[in-house]
Amino acid sequence: MNRAIAWMFTLLLITFLVACGRSQNTAQSVTTQSAHAMQLNNAPSSAAQATEASQASAAQATEASQASAAQATEASQANAAQSANVSQLAELLPPSLIATPISSLGDPVRGKNLFIPCSGCHSTSTEVLLGPGLAGLFSAQGPVLPEGVDYNGLLPNGKERSEENVAEWIRSGGAGSIGYMPPHNLDDQQMADLLAFLRTLK
C-alpha cells in the first residue's frame, strides 16, 4: 500500500514539474514573440526617420550648392564689371595714369587726413585757389588750371602725370606757371595714402 502511494506521489510530482516546464517555455515564447513584434512595429518608424534624415541632407546639399553657384555668379559679374571698367579706362587714359603701383598700397581715408595741410592751396574740386583744384588729377583731361595756364597735360615740371612723378613733385616741390610748390616730406606709406585719396577726386 505504501509503495502504491509513493508511486502515485512520484507520478504527480513528475506531472507537476512537466507542466511547470511547459508553462515557462510558453512564457518565454510569448516574450520572444512580443519582442519580435515590437521590433517589427519600430522598423517602419526607423525607416521613416532614415528617410527624413536623407531628405534633410539632400536639401542642405542643394541649398549649399545653390549658395555656391550664386557666389560664383556674383564673383564672375564683379570680375566682368571690373574688366569692363579697366577696358574703358584703357581707352581713355594713357598707361601712366592707369597704373597704380603706389596708391594701391594706400588708404584713402588716411590720405584725406594727410591732405588737410594741402587744402590751403588746393581744393578737392575744380575750384582754383593758390594752386589748381586737384579733382581730375589722374583723369585724361587733368586738373582744371587757372585761366591762361596750360601744362599740356603734364606736371608743372614738364613730366607726365604718373603716380611716381606726382610723388616726386610733392616731395621736391618747385616753381610753376602758377606759383611755388613747397616740398613735403612724406614717407612711403603716407605718400601711398595721399595718392590713394587723390585718386578718389573726380
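The values are calculated or read from the model by the stated rules, or taken from the named source; none is laboratory data. What you see is a predicted model; the values in this text were computed from it and never measured. For neighbour counting, all protein chains shown are included, and Cβ atoms are generated from backbone atoms with ideal geometry for every residue, glycine included.
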Fill in the blank from the handout: Across (1) in a loop (DSSP other than H, G, I, E, B); (2) modelled with pLDDT of 90 or more, GLU147 clears everything bar (2)
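Would you mind stating whether SER123 is surrounded by fewer than 17 Cβ atoms within 10 Å (Cβ to Cβ) and either at pLDDT 90 or above or in a loop (DSSP other than H, G, I, E, B) (or both)? Full working, then the answer.
Working: surrounded by fewer than 17 Cβ atoms within 10 Å (Cβ to Cβ): no; either at pLDDT 90 or above or in a loop (DSSP other than H, G, I, E, B) (or both): yes.
So SER123 does not fit the description; no.
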Practice task
Kindly provide the set of residues from the range 155-174 that are out of contact with any helix residue (DSSP H, G or I) (no Cβ under 9 Å at 6 or more places or on another chain) and either over 21 Å from SER123 (Cβ atoms) or surrounded by 14 or more Cβ atoms within 10 Å (Cβ to Cβ) (or both), ordered by number.
Solution key: GLY158, GLU168, TRP169, SER172, GLY173
Handout entry: Selected residue (only one of GLY106, GLY153, GLY136, GLY176 is modelled with pLDDT under 90 and not polar (S, T, N, Q))
Key = GLY176
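I'd like the full set of residues that are small (Gly, Ala, Ser) and surrounded by fewer than 18 Cβ atoms within 10 Å (Cβ to Cβ), limited to the range 126-141.
Result: GLY136, SER139, ALA140.
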Exercise for the section: Tell me, yes or no, whether the range 177-185 has at least one residue that is in contact with a helix residue (DSSP H, G or I) (Cβ under 8 Å, 6 or more places away or on another chain), of a type outside the set (A, V, I, L, M, F, W, C) and not in a loop (DSSP other than H, G, I, E, B). Expected result: no
